[in-house]
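J.: The structure follows.
The values are calculated or read from the model by the stated rules, or taken from the named source; none is laboratory data. From a predicted model like this one, the values you see are computed outputs, not experimental measurements. Note that we place each Cβ from the backbone using ideal geometry, even for glycine, and neighbour counts take in every protein chain shown. To get the accessible areas, we keep the full protein, side chains included, count just its heavy atoms, and leave off ligands, DNA and RNA. Shrake-Rupley method; radii C 1.70, N 1.55, O 1.52, S 1.80 Å.
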Amino acid sequence: MKAAFAPTLEGWYERHRRDLPWRHTRDPYRIWLSEVILQQTRVAQGRPYYERFVEAYPTVTDLALADERELLRLWQGLGYYSRARNLHQTARYITEQLNAEFPATFDGLLSLKGIGVYTAAAVASFAFGERVPVVDGNVYRVLARVFGITEDITTTGAKKTFAKLASELIQPASDPATYNQAIMEFGAIQCTPVSPDCLLCPLQQSCNAYQTGRQQRLPVKAKKEPVRNRYFNYLVLRQNGKLVMRERTARDIWQNLYDFWLVETDEPITALTDLNLPDELAKLVQQGRLTGNPVPLTQLLSHQRIRGQFFLVDLPDTVSMPLPTGFGQYSMDEINQLPKPVLVTTYLNEWLG
DNA sequence: AATACGGGGGG
DNA sequence: CCCCCAGTATT
């Protein structure tokens, strides 16, 4: 299967490749320039920038001598402006320290500022013909699908898996540069992130994802939802050994589990009086007394960090309890039978067990 | 290992 | 409108 992979891809490339300006040169400067512009950027957006840059700075020395403000102005709208600054810095370094001569190897290129593994491989292969695989987002996607790799591509382990596979796949290629172009172009045009054109795909028969109907699911990518901090301030009302609890019904975490009266805040609070309680409840609390210090407990979810704080308030047996809707009084035996968030269970076990 | 860096395209 | 996009440097 691996032996048939590269020839098929290259055949496809021959028929479908787009005519792009940086594909007409082997000048490492222009290839480098195009690759940096194309980092995190779609071809349609980057192309006019490439043409303007080549026009304004035809050689690495021209770029080295460029006025930084003018360079940044040309870059305007592309984003990630450190790319432009690194471009400038590296152009000066090459001009001044390397006699305007580009390093001709992957390792030499990798040592330059703004050139990482992907760009070093691209320039080494496209400009110098080095047999080193490019591994960009397109390649992750194509390989994940064709070989049915389900590793999360954002992990270090997966990066090694893909790099190793890519390295094996490029070995039999008759022309490493064309192979690299082919697999990236294939990812960009045929094996697209959304609605890949599987019905007309030359790899259909050998594609693991297509054969198992998983092309929409691959590659696996962890969502990078930022961890949200939430502060759950719980009022734990106790009377006659019973606790006031309710079932969580909102469209939120812990649906259908039981917890206490909850006051959620965006920032930590320290005192019981910081809890914004409805009048009825506040009156009730006034008749009782806070037992011990508030108990802080944290629970880490995949995308939320819940910082719980439990305020235990004991009420005299004599006061009657007009409870808010949905709340009830539960004995410890009953509570044991209720489904509860780990955070609540931990609190109960450690402080009320 | 996690985070910051920008803007555009697509559903 | 929100979701997605995946290279490099820095912490």
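J.: For A:K340, all conditions in the list (1) of a type in the set (K, R); (2) free of Cβ contacts under 8 Å to residues at least 60 places away in the same chain; (3) surrounded by 14 or more Cβ atoms within 10 Å (Cβ to Cβ) hold save one; what is the number of the exception?
T.: (2)
J.: Before we move on, is A:A64 among the small types (G, A, S) and more than 16 Å from DNA strand B (Cβ to nearest atom)?
T.: Yes, satisfied.
J.: Report whether or not A:Q329 is under 19 Å from A:R230 (Cα atoms) and either open to solvent by less than 80 Å² (accessible area, probe 1.4 Å) or touching a residue at least 24 places away in the same chain (Cβ under 8 Å) (or both).
T.: Values: under 19 Å from A:R230 (Cα atoms): no; either open to solvent by less than 80 Å² (accessible area, probe 1.4 Å) or touching a residue at least 24 places away in the same chain (Cβ under 8 Å) (or both): yes.
For A:Q329, the condition - under 19 Å from A:R230 (Cα atoms) and either open to solvent by less than 80 Å² (accessible area, probe 1.4 Å) or touching a residue at least 24 places away in the same chain (Cβ under 8 Å) (or both) - is not met.
J.: Moving to a separate point now. Answer yes or no as to whether A:V43 is under 30 Å from A:G148 (Cβ atoms), of a type in the set (A, V, I, L, M, F, W, C) and within 16 Å of DNA strand C (Cβ to nearest atom).
T.: Criteria met by A:V43.
J.: Just checking: which of the helices (runs of 4 or more DSSP H) contained wholly in the range A:1-92 hold 3 or more residues that are β-branched (V, I, T) and under 27 Å from A:E130 (Cβ atoms)?
T.: The helices (runs of 4 or more DSSP H) meeting that bar are A:28-38.
J.: Of all helices (runs of 4 or more DSSP H) completely enclosed by the range A:247-353, which ones contain at least 1 residues that are touching a Gly at 6+ places or on another chain (Cβ under 7 Å) and at pLDDT 85 or above?
T.: Counting at least 1 such residues, we get A:332-337, A:342-351.
J.: Next question. Tell me, which residue of the range A:138-167 that is open to solvent by 30 Å² or more (accessible area, probe 1.4 Å) and β-branched (V, I, T) is nearest to DNA strand B (Cβ to nearest atom)?
T.: The residue in question is A:T156.
J.: Please verify whether the range A:96-118 includes one or more residues that are open to solvent by 30 Å² or more (accessible area, probe 1.4 Å), more than 22 Å from A:N180 (Cα to Cα) and in a helix (DSSP H, G or I).
T.: Yes: one or more hits.
J.: Residues in the range A:250-265 that are over 18 Å from A:L277 (Cβ atoms) and either touching a residue at least 40 places away in the same chain (Cβ under 8 Å) or not assigned by TED's automatic domain parsing to the domain that holds A:P339 (or both): how many?
T.: Residues that pass the stated criteria total 5.
J.: Surrounded by 20 or more Cβ atoms within 10 Å (Cβ to Cβ) and either among the β-branched types (V, I, T) or at pLDDT 95 or above (or both): does that describe A:V135?
T.: For A:V135, the condition - surrounded by 20 or more Cβ atoms within 10 Å (Cβ to Cβ) and either among the β-branched types (V, I, T) or at pLDDT 95 or above (or both) - is met.
J.: So, one more: Only residues that are touching a Phe, Trp or Tyr at 6+ places or on another chain (Cβ under 9 Å), in contact (Cβ under 8 Å) with a residue 40 or more places away in the chain, within 11 Å of DNA strand C (Cβ to nearest atom) and not in a helix (DSSP H, G or I): list them for the range A:122-174, please.
T.: Scanning the range A:122-174 gives A:V134, A:D136, A:I153.
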